[in-house]
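Data block below; observations after.
The values are calculated or read from the model by the stated rules, or taken from the named source; none is laboratory data. Not measured: the values here are computed from a predicted model. Neighbour counts are summed over all protein chains in view; Cβ atoms, including those assigned to glycine, are modelled from backbone coordinates with ideal geometry.
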Amino acid sequence: MYKSTTRLVISLGFVRFFITNGGLNMKVHHADIVISAVSPAQYPESELPEIALAGRSNVGKSSFINTLIERKNLARTSSKPGKTQTLNFYNIEDVLHFVDVPGYGYAKVSKTERAKWGKMIETYLTQRSQLKAVVSLVDFRHEPSVEDVQMYQFLKYYDIPVIVVATKIDKIPRGKWNKHESMIKKAMTFEKEDTFILFSSVTKDGKQLAWNAIEKAIGYQA
């Protein structure tokens, strides 16, 4: 057993685990934005596995990325929904890319612009061979939107592995978590073989589970 004062660094693939006070925490040391792309011609010429992040505007995609890698502003959060208009590729430890796709469901974006984003996202999700899974983020406080359900059904139709992450769980009393989880799963017709994670960028709940799911998706084995 490690004493509470022990701080042991163990290199495991693309993260480092720090054993502190008897617990495991992950720390990413290298993470940078590679490119913001709008077409396949601009995608990185890399064979690194990719994990895409999809969800409604302001669902917390940027906060999710920043929480996982323990950086405050690699992925910039915004008070203005719909700001992300490109596919943003982030290099994580030279082992995988996170790909932040434009948030959907923002009413102030024109129909033409939404159609353009939709085509860009569809092309990436259905044609990118490096894509290993999609983290589909939904707001834990509310019933999934039509777009949330459509995204999940789209991923299932194309047999794209999906990890559903329910964000902002700190906004709901713990005693109501089961009720909200059931509500979301029922609305999405959630399939048992998929992963469902409760997550908070404030309390860090779900961080370890998210990393575990991502490691499994990219084929990493300790």
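Some notes on this structure:
- Residue satisfying all of: in region 109-125; surrounded by 18 or more Cβ atoms within 10 Å (Cβ to Cβ) and of a type outside the set (S, T, Y); modelled with the highest pLDDT among these: L125
- Residues that are without any contact (Cβ under 8 Å) to a residue 60 or more places away in the chain and touching a helix residue (DSSP H, G or I) at 6+ places or on another chain (Cβ under 6 Å) within region 135-157 comprise F140, R141, E143, P144, V149, Y152, listed in sequence order.
- Identity of the residue in region 92-103, in contact with a Pro (Cβ under 8 Å, 6 or more places away or on another chain) and in a strand (DSSP E or B), that ends up farthest from G55 (Cα to Cα): L96
- Condition check for I218: out of contact with any Lys or Arg (no Cβ under 6 Å at 6 or more places or on another chain), of a type in the set (V, I, T) and closer than 26 Å to V99 by Cα: no
- Meets criteria (under 15 Å from V135 (Cβ atoms), modelled with pLDDT of 95 or more and of a type in the set (K, R)) for K207: yes
- Checking each residue of region 35-42 against the condition of being at pLDDT below 90, surrounded by fewer than 20 Cβ atoms within 10 Å (Cβ to Cβ), small (G, A, S) and part of a strand (DSSP E or B) gives no match.
- Test result for E143, outside any loop (DSSP other than H, G, I, E, B), surrounded by fewer than 16 Cβ atoms within 10 Å (Cβ to Cβ) and either acidic (D, E) or at pLDDT 95 or above (or both): no
- Residues within region 152-199 that are surrounded by fewer than 18 Cβ atoms within 10 Å (Cβ to Cβ), within 24 Å of G118 (Cα to Cα) and of a type in the set (S, T, N, Q), tallied: 2
- Residue in region 70-83 that is touching a Lys or Arg at 6+ places or on another chain (Cβ under 9 Å), modelled with pLDDT of 55 or more and not small (G, A, S) present: yes
- Residue list for region 168-208, filter: farther than 22 Å from M151 by Cα and outside any loop (DSSP other than H, G, I, E, B): D170, K171, R174, G175, K176, W177, N178, K179, K207, Q208
- Residues (of a type outside the set (A, V, I, L, M, F, W, C) and in a helix (DSSP H, G or I)) located in region 209-219: N212, E215, K216
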